[in-house]
Each structure stands twice: as C-alpha cells, then as structure tokens.
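Engineer: Dropping a structure here in structure tokens format, bear with me for questions.
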Amino acid sequence: SATGIPSRPIPPCAAIVACMQAYAVAPRRRADVEASPSRMDLSHLNPSQRAAVAHVEGPLLVLAGAGSGKTRVITHRVAHLLELGVAPARIVALSFTNKAAGEMRERLGKMVGPRLAGELSMGTFHSLGAWMMREDPHTFGLPGPRFSILDQGDVYGVVRGLLREHGHHVAGNDRRFDLGAVVQRISLWKNDFVEAGQLESLVVDEYDVVAASIYEHYDERLQSLGAVDFDDLVCRIAHVLGGNEAARDRWQGRFDYVMVDEYQDTNGAQMELLRRLVRPPHNLAVVGDDDQAIYGWRGAKVENILRFEEHYPGAVVIKLEENYRSRAPILRSANAVVRHNQARHDKQLVITRGEGPPVQLVVAADGGQEAAWVGRKIRRMVADEGVPTTEVAVLYRSALQAKIIEEELTQHG
C-alpha cells in the first residue's frame, strides 16, 4: 500500500511458484524455512490440522482418527513446505498403495501445479526402494540399474524349485506344502532381519522347518539371478544403510523432509529404513491411528506408532479427533469398542455431523441365516423404501462368505 499498489492476498499456487522460482538453484537453509511466514490459506482447517501442517522442524506424530481429514493434512503440509521454498526433490511422501500415492499427487497437482507435484518423491516404500536401487545399484549389491524385480509368480517358481531340490515333495508332487505358507514365512523373517543362524528358536512347526531349510538358499538364488523380490526393495535398503556409513550419509543428504501415511501398518524393516534414512533433526512426520491397526498377520507392528516418541525423543504429538465422515450413533459405538484396547494412545472421535439412525446389531445362528437376513433387509430397503441399490454396500470379513451372500441377493433380484 505504501507504493500505491493495491494490497491483495497472493493465490497459494502463485505464491508457491514464486518461491520455487526464487530458489530453483539451491534449496533454502533450514533456518530460512523455519523463519518464513506462510501465505497459504489454512483457515478452512481445524486447529489441530493447522498445527500439523505448520509444524516444520523435528519429528511429528499425527494421530489421525477415522474420517478426521488426514489426507488433507498431508497434502497441505507438503504444499506448505513447497511454499516455504523447500525443493520438491527434498521431500518424500510415502503411502501404502500406488493408488493412494496417485490420489495424493493428483490433489497436490491441483494445489501447487502438476509440474511441482511431479517432481516430488511420492509413492510406496517399495517404489522408493526400487528408485534408490536404480540410482545406486552397486551400493545395494546389484549388477546395474536394469535388474529384475520378481513378482509373486516368479517368487513361487523359485521357491517351488528349491523345495524340489531339497526333497520336500512326495512322489514328485510338490503340492504337499502350500507354497504361499512357505513364502509368507520367508517374507516375515526377512522383514524382521532374521539371519539364517537365528532361525532355530523360531521353528515351531513343519512349515517352519521347510521354510528354514531353503531360507538362505533363496537369497543366494536371487543373487545369482541378479534379481530382487518385493521385500528386498525395503529390507536390502535398510540393511545397507545400517551397515554402510558412506551410503547412509549420502542418502541422508538427499532428503530433508519425510512423511509417512498409515504408520500403524509399518513393519520392522520399514521402520528401520526410516530410522536410517532420516538424520537429525529428524524431520519425519508420520500419520496413523493405532486403533486402525489390523495388519499384524502380515508383519505390521503397531508398536512402531505406540513407541514413536521413544524412537524420536522430543517428538510433537498432535491428535486429529474431529470425525467428518460418520453420524453420532456410529461414532459412539466405535468409541465404546476401541476404548477397551489395552495398548493405545488416548484419543476419542469427536462428533461433527449430528445424530442419525441407530446402529443395529443382528446375531445369527450361522452363515446361512446371516446371509438370508442380509438378503431380506436389502430387498425391503430397495423395494419398500426406495433406496437405490448404489447406496447399499455389503462388507464381509472373508471372501469365503461372499458366495452365500451373492446367492441370497440373486434370489431377491
């Protein structure tokens, strides 16, 4: 206003582009980032969301309850860092599926522009590991950047061959052992950094014996093929960074800010990769909810999120408790269930959408009666109440339950 130019707010995208043009040659110093004011409009975020977005320096744990807007927080935090002048190549944002990573990049593209969004290191733990291996293959024990990544079918083929070589079959039929069960044991051991010499205490059944007998040979076979499996994309990266100081220093210098979604689903190898990739002041921001930890059967360790403050002393903890998804009866039911969990962070989903119909609990004698009730219920909703079928969903715990439910729905048209 002192120059006679009308004062007006700069649109967020323009502000980000201006900052990035100014710092295209070199990333800004951390002190500059910490001191810089933000022009981004955060008024549409609640106080907890704003605090999570604005936190820049040091470790951050965001406990995001169901429906609390965690994806909005992650995308705004990335955009906020870009606005402060952090080069996009210095930011890593990790999720657990390529679809989630794609959706996140699409959202950021609308906020900061597709060019900047495209320069971010954004993907899954495994895609990050594959990129690191291609960038630095010899450090990670590979002959060159054009190595093979075995898919599940390839892994099954290698394991099948090793089972035959070690005599684990009956009359030439290797179907005595379920390949999936053997592969799963090898995968879990690799992700827990179990060495071949440490297996004795872990062998409790026949499948453990079989998997242990080929465990070391499996890695040797992959090495001879110049290939890696899906687990190696995380496990080998973490192992090398832990034992090779020069590689650790080099890769720690590549990134300034690392963010992880669904942190409650991380396993031991993923946690170790993060601990060896992020250097002080540990600008690691993780978002998750220990009450939504359901993947222990595939190696996820809820202890990672429960002990985050122990792993990163001085971490800031922010709780996102306002639920924008569900009606009051659902949230009251959910809170009543999860408060019985013995190992959890203390938090409570807060109602924002008002009342709704009560949750109905139906107890059936068996799967047949259950499916029959579902069929009748949906028939009444559609035929008598005029509910569109597109507004009805049936969720089941196991695919084994699907067939009988499908039969009931077919009978009711």
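The values are calculated or read from the model by the stated rules, or taken from the named source; none is laboratory data. It should be emphasised that the depicted structure is a prediction, and the values quoted were computed from it without experimental measurement. Cβ: placed from backbone, ideal geometry, glycine included. Neighbour counts: every protein chain shown. These accessible areas exclude ligands, DNA and RNA; they are computed on the full protein's heavy atoms, side chains included. Shrake-Rupley method; radii C 1.70, N 1.55, O 1.52, S 1.80 Å.
Engineer: Report the residue, chosen from Ala87, Ala52, Ala334, that carries the largest GNM mean-square fluctuation when the chain is represented by alpha-carbon nodes joined by springs under 10 Å.
Structural biologist: Ala334
Engineer: Shifting gears a bit: If you add up the charges near Asp290, with Lys and Arg at +1 and Asp and Glu at -1, over every other residue whose beta carbon is less than 13 angstrom from its beta carbon, what do you get?
Structural biologist: Cβ neighbours under 13 Å give a net charge of -1.
Engineer: Would you kindly state how much longer the chain becomes between Arg134 and Ile149 on full extension, computed as 0.36 nm times their sequence separation minus their alpha carbon distance, in nm to one decimal?
Structural biologist: 4.3 nm
Engineer: If you don't mind, there's one more thing I want to ask. Scan around Ser121 for amide H atoms under 5 Å from its own, H built in the peptide plane at 1.01 Å from N, and keep only partners 5 or more places away or cross-chain.
Structural biologist: Result for Ser121 returns Ile91, Ala93.
Engineer: Still on this structure: Would you mind working out the magnitude of the charge dipole of the chain relative to its Cα centre, with +1 at each Lys and Arg C-beta and -1 at each Asp and Glu C-beta, to the nearest 20 Debye?
Structural biologist: So the dipole magnitude of the chain works out to roughly 1480 debye.
Engineer: Separate question: Restricting to the chain, what percent of DSSP beta bridges are antiparallel, rounded to 5?
Structural biologist: 5 percent
Engineer: How many nm is it between the label spots at Arg254 and Asp192, if each spot is 7 Å from the Cα in line with the beta carbon?
Structural biologist: Each label point is offset 7 Å from its Cα along the Cβ direction, giving 3.0 nm.
Engineer: To continue, here is another question. Go through the range 295-301 residue by residue and turn each phi into a ³J(HN,Hα) via Karplus (6.51, -1.76, 1.60, θ = phi - 60°); whole Hz please, and just put x for glycine and proline.
Structural biologist: Each residue of the range 295-301 in turn: 10, x, 5, 10, x, 5, 10 Hz.
Engineer: Whole-Hz Karplus ³J(HN,Hα) for the range 108-116, in order, using 6.51 cos²θ - 1.76 cosθ + 1.60 and θ = phi - 60°, x for Gly and Pro?
Structural biologist: Once rounded to whole Hz, the list reads 5, x, 6, 8, 10, x, x, 5, 5.
Engineer: So which of Lys190/Lys347; Lys319/Lys377; Lys99/Lys319 end up more than 31 Å apart, counting from Cα to Cα?
Structural biologist: Beyond 31 Å: Lys190/Lys347; Lys319/Lys377.
Engineer: For Val260, enumerate residues with amide H under 5 Å from its amide H, sequence gap 5+ or separate chain, H modeled in the peptide plane.
Structural biologist: Leu94, Ala285, Val286, Val287
Engineer: Work out the length of the dipole vector of the range 222-270 about its Cα centre, built from +1 on the beta-carbon of each Lys and Arg and -1 on the beta-carbon of each Asp and Glu, and round it to the nearest 20 debye.
Structural biologist: The calculated dipole for the range 222-270 is roughly 280 debye.
Engineer: Taking Cα pairs under 8 Å and at least six residues apart, what relative contact order does the chain come out at, in percent?
Structural biologist: After rounding, I find 19 percent.
Engineer: Which residue fluctuates the most in the chain, going by a Gaussian network model with Cα springs under 10 Å, if the choices are Glu200, Glu83, Glu262?
Structural biologist: Residue with maximal mean-square fluctuation among Glu200, Glu83, Glu262: Glu200.
Engineer: What is the range 220-368's relative contact order, in percent, from Cα pairs under 8 angstrom and six or more apart in sequence?
Structural biologist: Relative contact order for the range 220-368 comes out at 19 percent.
Engineer: Shifting gears a bit: Kindly provide the helix-only [θ] at 222 nm of the chain, computed as the sum of -39,500 (n - 2.57) over DSSP H runs of four or more divided by all residues, to the nearest 500 deg cm²/dmol?
Structural biologist: -14000 deg cm²/dmol
Engineer: Normalising by the residue count of the range 150-264, find the relative contact order in percent from Cα pairs under 8 Å and 6+ residues apart.
Structural biologist: 27 percent
Engineer: Chymotrypsin sites (Phe, Trp or Tyr not before Pro), restricted to the range 307-413: which are DSSP loop and have at most 16 other Cβ atoms within 10 Å?
Structural biologist: Here the sparse-neighbourhood loop sites are Tyr324, Tyr396.
Engineer: Give, as a single signed number, the net charge of other residues whose beta carbon lies under 13 Å from the beta carbon of Arg332, with Lys and Arg counted +1 and Asp and Glu -1.
Structural biologist: Cβ neighbours under 13 Å give a net charge of +2.
Engineer: Counting heavy atoms of the protein chains only and a 1.4 Å probe, report the per residue accessible area for the range 188-253 as a whole number of Å².
Structural biologist: Counting only protein heavy atoms, the per-residue value for the range 188-253 is 49 Å².
Engineer: Per-residue counts of other Cβ atoms within 10 Å, averaged by peptide: what ranking do you get for 385-394, 342-351, highest first?
Structural biologist: For the peptides 385-394, 342-351, the packing ranking is 342-351, 385-394.
Engineer: Explain nothing, just compute: Karplus ³J(HN,Hα) = 6.51 cos²θ - 1.76 cosθ + 1.60, θ = phi - 60°, for every residue of the range 256-270 in order, whole Hz, x for Gly and Pro.
Structural biologist: These are the phi-based 3J(HN,Hα) values: 9, 9, 10, 10, 10, 8, 6, 5, 5, 9, 6, 9, x, 5, 5 Hz.
Engineer: Out of His166, His282, His311, any idea which swings most in a Gaussian network model of the chain, alpha carbons joined below 10 Å?
Structural biologist: His166
Engineer: So, with a 1.4 angstrom probe, what is the percent of accessible area on the range 320-413 that is carbon and sulfur?
Structural biologist: On the range 320-413, the fraction of accessible area on carbon and sulfur atoms equals 52 percent.
Engineer: For Leu320, what residues show an amide H to amide H distance below 5 Å, using hydrogens built from the backbone and excluding near sequence neighbours?
Structural biologist: HN-HN under 5 Å from Leu320: Leu63, Ala64, Gly65.
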